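Trainee: Dropping a structure here in structure tokens format, bear with me for questions.
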Amino acid sequence: AGCSRRRRRRDFCPSPAPRAAAARRSSAEMADVDAEKHHFALDPNHTFMVWDAVFSDTAKPFIIPIAGLIVGAVMMQVKQIADVGKLVLYFGAQSFMNIYMGWVMRTSVTLPAGYPLSGEYEGQKLEENLTGCPAGFALTALQQVVSFLVFMVFFACSYFTPYRYTPKKLNTGFEVFCVVIFGCVFALNIALNNFSLGYISIAVNLIIRSCLPLTTFLSQQGLAVFGLYPFKPCNPKEIGLMCIGVICAGVFTMARILGSTEKGHSSSNMILGVFMCIASLLCGSLNLALAGVLGETKLNVYDTVAYMAIPATLFLLPIAMFVQKPVPGQWGKVFGQDTMSDWQILVHVWSVNKTTMVWLVLSGVFSFMYNIIQFSIVHTLSPSATAFGGNFNKAALIFLTLLLPFLRVHDLPGHPYREVIWSAVIVNIAAFSYYSYLQIQAKKEKEERQVYKLEDDDDDEDSADDSDESSEESGGFC
């Protein structure tokens with residue numbers, strides 16, 4: 001019986017050698033299955049790693065703008081939808097530039113968490129990533145220099161070709177004065193906007209800048225008081241819509257500040273960023289108003305870079321070199337200074353992360369390319385279509401910023417601030433969209449009246465000619 005039990009165990013239980021061979025076969029089969037999964041990207045872990053590698057947290061915000069650029073460029077090749085393609089391309093370019101500048105100024109990692117601190121905090125490590133490069137004035141001056149260098153390369157390359165470019169000649173001292181003034185105000189507008197992006201999110205920046213129609217209207221009326229600009233007719237409906245939009249922008253901004261304060265974020269830096277964004281908005285309005293006062297000097301994008309880059313840089317350099325400002329986040333803790341000039345910030349950034357400086361230089365190239373795209377679209381579409389496209393781009397980007405987590409600097413605050421933010425955004429966009437619609441309709445009616453007037457004048461001339469001919473004929477019969 002014992003022998004039979006041992007025999008049965010030998011029949012059913014393999015010896016150690018066969019067990020090892022079976023294990024080797026099983027391992028080989030599993031390796032083949034794993035290889036097949038990896039080959040066809042069926043392994044969940046492998047697929048997730050590929051997704052993260054292709055679309056990292058840095059790349060995700062740029063997916064939509066780049067898709068807009070590609071789709072718009074393709075649509076422009078089809079004649080039937082070429083105009084729509086230009087608007088799509090404009091959306092892609094404007095969104096890319098806004099997101100890129102927000103990333104450079106506020107969210108790109110300059111120093112990673114864990115970086116050893118020195119000075120007063122020696123022995124401690126950086127608790128969170130040090131992000132951005134809050135040097136708006138220096139960055140704008142750098143963009144002007146880079147744009148000028150790109151223009152010079154283009155000018156030199158095309159000089160001995162049939163496509164040689166010659167900048168428009170400035171014939172009078174008044175034209176030179178206009179270019180210098182426009183250049184300085186334009187540079188200040190961009191510099192203040194870049195400055196604000198180091199302290200506030202893209203959504204807050206865009207919703208404040210959506211108030212441009214009201215500030216431009218007030219600037220024009222203020223200049224008209226001194227006889228420098230004709231009074232603009234006051235349409236109660238348009239003024240009411242602009243005021244509603246501005247009130248909603250203020251409510252949105254206050255909700256963001258109060259919600260961030262409840263989450264433990266500093267509100268003082270956000271308030272500074274809001275004031276700088278408002279100042280940028282006023283400079284933009286002043287630029288538009290000065291165009292009517294000083295007269296419009298017809299310059300294309302190449303002329304603008306050629307003539308305005310150097311005066312704008314010289315205007316911004318003293319501000320970038322000597323004006324001290326409070327630095328956001330952990331910048332003061334890392335570099336041992338609560339206030340720094342833009343020049344000091346750039347020196348520190350160069351010493352710890354030269355890659356960030358590369359992104360800053362690239363912003364000048366992107367700025368030059370964006371201006372070319374914008375100039376081309378403005379001069380191939382009607383002003384009304386361009387204005388509508390710009391307003392739509394801002395509205396779409398605000399919605400995308402609120403909807404997509406990877407476009408936000410911080411999460412949206414909780415109840416009741418979240419509901420207030422969404423309500424303010426919807427009413428703001430609706431008010432300014434309806435205002436834009438009224439402006440477009442008014443321009444159409446004005447153009448139609450001019451056409452009718454020309455037709456009436458032609459009819460009057462024809463009738464006068466007919467009467468002259470008839471009088472001559474009657475005189476011949478007498």
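Trainee: With a cap of 13 neighbouring Cβ atoms within 10 Å, and only residues DSSP puts in a loop, list the chymotrypsin sites (Phe, Trp or Tyr not before Pro) found in region 182-260.
Mentor: PHE226, PHE231
Trainee: Here is a follow-up. Heavy atoms only, probe 1.4 angstrom, no DNA, RNA or ligands counted: give me ASP342, ASP83 ranked by accessible area, highest first.
Mentor: The ordering from most to least exposed comes out as ASP83, ASP342.
Trainee: A follow-up question, please. Grab the Cα-Cα distance for LEU438 and GLU127, subtract it from 0.36 nm times how many residues apart they are, and report the gain in nm with one decimal.
Mentor: Length gained, LEU438 through GLU127: 106.8 nm.
Trainee: What per residue convex hull volume, in Å³, comes out for region 323-375 when only alpha-carbon positions are used?
Mentor: Normalising the Cα hull of region 323-375 by residue number yields 101 Å³.
Trainee: So, one more: Determine the gain in length on full extension of the stretch ILE426-VAL74; use 0.36 nm per residue of separation and subtract their C-alpha separation, reporting nm with one decimal.
Mentor: 123.6 nm
Trainee: Still on this model: What residues qualify as long-range amide H neighbours of LEU130, i.e. H under 5 Å apart, gap of 5 or more or another chain, H built at 1.01 Å from N?
Mentor: Answer set, sorted by chain and number: THR110, LEU111, ALA113.
Trainee: Can you give the direction-averaged projected area of the convex hull of the alpha-carbon atoms in region 108-160, in nm²?
Mentor: So the mean shadow area of the Cα hull is 5.5 nm².
Trainee: What nm distance separates the two modelled labels at LEU317 and CYS157, each placed 7 Å from Cα along Cα→Cβ?
Mentor: 2.8
Trainee: Still on this structure, please answer the following. Expected output is a single nm value to one decimal: the length gained when fully extending between ASP338 and PHE174, i.e. 0.36 nm times separation in residues minus the C-alpha distance. What is it?
Mentor: Values: separation 164, 0.36 × 164 = 59.04 nm, distance 4.38 nm.
So the extension gain works out to 54.7 nm.
Trainee: Give me the orientation-averaged projected area of the Cα convex hull of region 143-293, in nm², one decimal.
Mentor: For region 143-293, averaging the hull's shadow over all directions gives 12.8 nm².
Trainee: Can you compute 3J(HN,Hα) from phi for each residue in region 89-105, using the Karplus curve 6.51 cos²θ - 1.76 cosθ + 1.60 with θ = phi - 60°, rounded to whole Hz and x for Gly and Pro?
Mentor: 5, 4, 4, x, 5, 5, 5, 4, 5, 5, 5, 5, 5, x, 5, 5, 7
Trainee: How far apart, in nm, are the 7 Å Cα→Cβ label points at ILE239 and THR58?
Mentor: 5.1
Trainee: Semi-axes of the equivalent ellipsoid for region 206-265, please: Cα gyration tensor eigenvalues, times 5, square-rooted, ordered largest first, whole Å.
Mentor: Ellipsoid half-lengths, sorted descending, are 32, 13, 7 Å.
Trainee: When we measure straight from the Cα of LYS232, which lysines land under 25 angstrom away, once same-chain ones fewer than 8 places off are left out?
Mentor: LYS298, LYS443, LYS444, LYS446, LYS453
Trainee: Compute the distance in nm between two label points, each set 7 Å from the Cα along the Cα-to-Cβ direction, one at VAL225 and one at PHE375.
Mentor: 3.7
Trainee: OK, next. Using a Cα-Cα cut-off of under 20 Å, which lysines could be cross-linked to LYS60, ignoring same-chain neighbours fewer than 8 residues away?
Mentor: LYS394
Trainee: Where does each of TRP359, TRP422, TRP350 land when they are ordered by accessible area, with a 1.4 Å probe and the largest first? Don't skip to the end; give the middle numbers.
Mentor: On the way: TRP359 90, TRP422 60, TRP350 130 Å².
Largest accessible area first, the residues go TRP350, TRP359, TRP422.
Trainee: Further question on the same structure: Take the Cα gyration tensor of region 161-230, multiply each eigenvalue by 5, square-root it, and list the three semi-axes largest first, rounded to whole angstrom.
Mentor: One finds semi-axes of 30, 23, 11 Å for region 161-230.
Trainee: Using protein chains only and a probe of 1.4 angstrom, how many square angstrom of LEU142 are accessible, to the nearest 10?
Mentor: 50
Trainee: On to the next question. Please find the FRET efficiency linking GLN324 to LEU454, where r is the Cβ-Cβ separation and R0 is fixed at 56 Å, and quote it to the nearest 0.05.
Mentor: Computed FRET efficiency for GLN324 and LEU454 comes out at 0.40.
Trainee: List, in order, the whole-Hz ³J(HN,Hα) value for each residue of region 358-368 obtained from phi through the Karplus relation with A = 6.51, B = -1.76, C = 1.60 and θ = phi - 60°; use x for Gly and Pro.
Mentor: 4, 4, 5, 5, 4, 4, x, 5, 4, 4, 4
Trainee: In terms of modelled amide H atoms, which long-range or inter-chain residues lie less than 5 Å from the amide H of MET340?
Mentor: Under 5 Å from the amide H of MET340: LYS325, VAL327.
The values are calculated or read from the model by the stated rules, or taken from the named source; none is laboratory data. Everything numeric here is computed off the predicted structure, so don't read it as measured data. So basically every Cβ, Gly included, is an ideal-geometry build from the backbone, and we count neighbours across all protein chains shown. Only protein heavy atoms, including side chains, enter the accessible area calculation; ligands, DNA and RNA are left aside. Shrake-Rupley method; radii C 1.70, N 1.55, O 1.52, S 1.80 Å.
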